[in-house]
Amino acid sequence: SEIAMKLGTTELELTLGDITQNQNAAAIVNAANSKLLGCFVPNHSCIDNAIHTAAGVELRLACHKLMQEQGEVEATGQAKMTKAYNLPSRYVLHTVGPVIYDKVTDLERRQLASSYEACLTLAYEKGLRSLAFCCISTGEFHFPNEEGAKIAIETVLQFQKKHPDMTVVFNVFKNFDYTIYQTLLKKMFLYRNS
């Protein structure tokens with residue numbers, strides 16, 4: 001299932017499916033934990049585990065090296081880049097989104113926007129012009145799905161205003177998220193085009 005939308009020269013795509021199979025984007029985004037070493041729960045169904053499993057052990061080794069050099073856990077709202085190893089994309093961008101324990105705060109909203117922005121900025125600086133996002137923080141980290149999608153879309157559109165040559169794919173895994181993005185994108189694009 002795919003929707004592609006153009007706003008001027010800007011391209012936004014919505015895809016339902018496994019991000020580890022994405023062949024259209026130069027890089028995919030991993031919603032990582034602060035240790036950046038993949039999920040620690042065997043056979044867990046989170047995106048972090050799916051990406052590390054599909055990419056192979058080299059990805060964990062590359063992340064380990066990054067973390068050794070950094071000397072501390074990864075802060076929320078930043079981005080790191082590694083090769084993608086056994087994945088069809090060339091690179092993986094790792095970002096730690098906010099973990100929600102109670103009601104969402106303004107700080108957590110800003111942190112989520114920062115995760116999207118940091119990934120876009122890093123990819124762009126490295127010369128990449130296409131990026132596929134998973135739904136950051138809305139799974140295991142409990143950010144409300146619809147609010148997360150709104151922040152994702154708004155942040156991407158703001159970035160694309162300055163960088164219209166950046167193609168972004170929202171590569172969602174659940175039908176539920178696909179419906180949310182589809183509804184929001186249609187509303188926003190109708191609104192923006194009128």
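Among 101, 85, which is assigned to a loop (DSSP other than H, G, I, E, B), of a type in the set (Ser, Thr, Tyr) and at pLDDT 95 or above? Break it down into steps so the answer makes sense when it comes.
Working: 101 fails: at pLDDT 95 or above.
Going through 101, 85 in turn, the sole match is 85.
Does residue 26 meet the test of being open to solvent by 20 Å² or more (accessible area, probe 1.4 Å), among the small types (Gly, Ala, Ser) and closer than 13 Å to residue 89 by Cα? So residue 26 fails the test.
If a residue has to be under 15 Å from the mean Cα position of the chain (by Cα) and open to solvent by 50 Å² or more (accessible area, probe 1.4 Å) to count, how many in the range 77-89 make the cut?
Applying the first criterion (under 15 Å from the mean Cα position of the chain (by Cα)) to the range 77-89 yields 77-82, 84, 89.
From what is left, the residues that are open to solvent by 50 Å² or more (accessible area, probe 1.4 Å) are 78.
Within the range 77-89, residues that are under 15 Å from the mean Cα position of the chain (by Cα) and open to solvent by 50 Å² or more (accessible area, probe 1.4 Å) number 1.
Selection within the range 157-175: residues that are assigned to a loop (DSSP other than H, G, I, E, B) and open to solvent by 20 Å² or more (accessible area, probe 1.4 Å). The member of this set that is nearest to residue 51 (Cα to Cα) is 173. Just one residue in the set 189, 143 is open to solvent by less than 20 Å² (accessible area, probe 1.4 Å) and in a loop (DSSP other than H, G, I, E, B); that residue is 143.
Assessment of the range 148-156 against the conditions (open to solvent by 20 Å² or more (accessible area, probe 1.4 Å) and more than 14 Å from the chain's Cα centre (by Cα)) yields no matching residue.
The values are calculated or read from the model by the stated rules, or taken from the named source; none is laboratory data. Predicted, not measured: the structure shown is a model, and the values here were computed from it. Just the protein is used for accessible areas: all its heavy atoms, side chains included, with ligands, DNA and RNA removed. Shrake-Rupley method; radii C 1.70, N 1.55, O 1.52, S 1.80 Å.
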